[in-house]
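The values are calculated or read from the model by the stated rules, or taken from the named source; none is laboratory data. Owing to the predicted nature of the structure, the values given are computational and were not obtained by experimental measurement. Every residue, glycine as well, gets a Cβ built from its backbone with ideal geometry; the counts of neighbours run over all protein chains shown.
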């Protein structure tokens with residue numbers, strides 16, 4: 001998970017593509033000219049460490065491998081069997097398959113140049129800081145933390161990475177879709193006019209939530225931790241953060257207040273996260289944004305994308321999403337848009353490619369830090385306002401600076 005302290009950015013490849021023409025005099029002449037050009041150089045290979053090798057971690061490890069510019073150098077997971085299975089799948093040397101709570105530290109010392117962080121987010125602040133201090137480029141999942149102190153710690157690690165010339169990318173997918181990008185570009189140029197109202201939703205299912213055992217160990221598998229606020233942030237912070245982040249991106253600003261309510265809907269909950277949310281966020285100019293989150297089994301309207309954002313302006317209406325139709329309707333800059341396709345994978349693939357270019361000395365990846373920080377804080381604000389069922393300001397949440405402690409008693413180092 002760590003880049004050698006002595007190593008700088010890897011050399012950028014000469015991206016020359018050779019074509020072969022086999023018929024006609026013109027084709028032969030072009031082919032002859034092409035043979036005088038330098039041969040295509042191999043893509044630089046980045047030694048990658050994967051921390052958190054369960055379902056999503058192993059899946060995203062395959063996307064890194066399939067990119068062609070990464071070698072899965074090392075894997076780390078709390079569970080030895082998970083680390084071994086991922087190592088077998090992704091080609092990591094048996095000597096570089098680490099387990100236990102401190103497995104990430106041994107991975108850092110194994111010679112990796114970049115790391116993908118895919119653990120429960122309560123671990124991200126410590127892992128991100130250790131990676132940057134070891135000189136490693138960081139690619140991490142969302143949310144970046146479960147509480148305000150954790151968000152600040154990750155933000156500080158990312159700032160340190162920037163100061164040291166390291167890449168730090170948070171993997172959000174909605175801002176990578178071409179239709180979403182074009183719509184937000186036009187909105188930023190005033191196409192919507194004055195926003196009058198905004199709304200968003202996330203329709204998802206619940207994750208397994210078995211009875212608790214003597215230690216936290218049983219909560220660290222199969223996304224069970226999404227049910228536990230101190231480990232995964234809870235459903236609003238962990239899942240609803242997708243449309244929250246996209247709405248902040250579309251509007252270009254952050255709400256100052258939230259109020260609402262939440263409750264348990266899944267049967268026999270054992271984790272403390274609520275799974276049904278109805279929230280209203282308010283901006284400093286009075287703009288209201290309504291968000292609804294559903295995280296349990298059940299049908300939705302057939303035309304609904306599972307996650308989307310809408311802005312109603314006095315000049316136009318926009319809709320961006322994780323799936324379904326994205327469009328800008330009305331006004332001189334209207335845009336017919338189209339269907340957002342396979343964004344869960346396509347967005348990660350785009351981010352992995354951008355990360356590789358940045359790590360190997362190409363153009364820096366788009367700045368994902370500001371939105372990652374703001375979306376984490378805004379979802380924490382919404383979670384707390386819904387739990388307390390009272391209006392709560394972002395300033396209050398920041399001043400409280402409440403830390404959520406995770407009991408790691410009995411876990412293997």
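Could you list, in sequence order, all residues of the stretch 211-220 that are assigned to a loop (DSSP other than H, G, I, E, B) and over 22 Å from residue 150 (Cβ atoms)? Let's see the steps before the verdict.
So the first thing to find is which residues in the stretch 211-220 are assigned to a loop (DSSP other than H, G, I, E, B), and the list is 211-215.
Of everything in the stretch 211-220, those that are assigned to a loop (DSSP other than H, G, I, E, B) and over 22 Å from residue 150 (Cβ atoms) turn out to be 211, 212, 213, 214.
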Number of positions in the stretch 322-364 that are within 26 Å of residue 304 (Cβ to Cβ), touching a residue at least 12 places away in the same chain (Cβ under 8 Å) and not in a loop (DSSP other than H, G, I, E, B): 20
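Just one of 277, 283 is surrounded by fewer than 17 Cβ atoms within 10 Å (Cβ to Cβ) and either in contact with a helix residue (DSSP H, G or I) (Cβ under 8 Å, 6 or more places away or on another chain) or without any contact (Cβ under 8 Å) to a residue 40 or more places away in the chain (or both); which is it?
Details: 277 fails: surrounded by fewer than 17 Cβ atoms within 10 Å (Cβ to Cβ).
Exactly one of 277, 283 is surrounded by fewer than 17 Cβ atoms within 10 Å (Cβ to Cβ) and either in contact with a helix residue (DSSP H, G or I) (Cβ under 8 Å, 6 or more places away or on another chain) or without any contact (Cβ under 8 Å) to a residue 40 or more places away in the chain (or both), namely 283.
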Regarding residue 184, is this residue outside the structural domain of residue 289 (by TED's automatic domain parsing), in contact with a strand residue (DSSP E or B) (Cβ under 9 Å, 6 or more places away or on another chain) and modelled with pLDDT of 95 or more? no
For residue 187, indicate whether it is in contact (Cβ under 8 Å) with a residue 24 or more places away in the chain, assigned to a loop (DSSP other than H, G, I, E, B) and more than 19 Å from the chain's Cα centre (by Cα). no
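If you check 367, 407, which single one turns out to be in contact (Cβ under 8 Å) with a residue 12 or more places away in the chain and either loosely packed, with under 14 Cβ neighbours inside 10 Å or in a helix (DSSP H, G or I) (or both)? Give the derivation first.
Numbers: 367 fails: in contact (Cβ under 8 Å) with a residue 12 or more places away in the chain.
Answer to the check: 407.
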For residue 193: the one exception among (1) part of a helix (DSSP H, G or I); (2) surrounded by fewer than 22 Cβ atoms within 10 Å (Cβ to Cβ): (1)
Any residue at all in the stretch 341-350 that is at pLDDT below 95, crowded, with 16+ Cβ neighbours inside 10 Å and in the same structural domain as residue 227 (by TED's automatic domain parsing)? yes
Test residue 211 against the stated conditions and say whether it is surrounded by fewer than 14 Cβ atoms within 10 Å (Cβ to Cβ), farther than 22 Å from residue 377 by Cα and outside the structural domain of residue 56 (by TED's automatic domain parsing). yes
Out of all the residues in the stretch 131-166, which are closer than 13 Å to residue 116 by Cα and outside any loop (DSSP other than H, G, I, E, B)? 131, 132, 137, 138, 139, 140
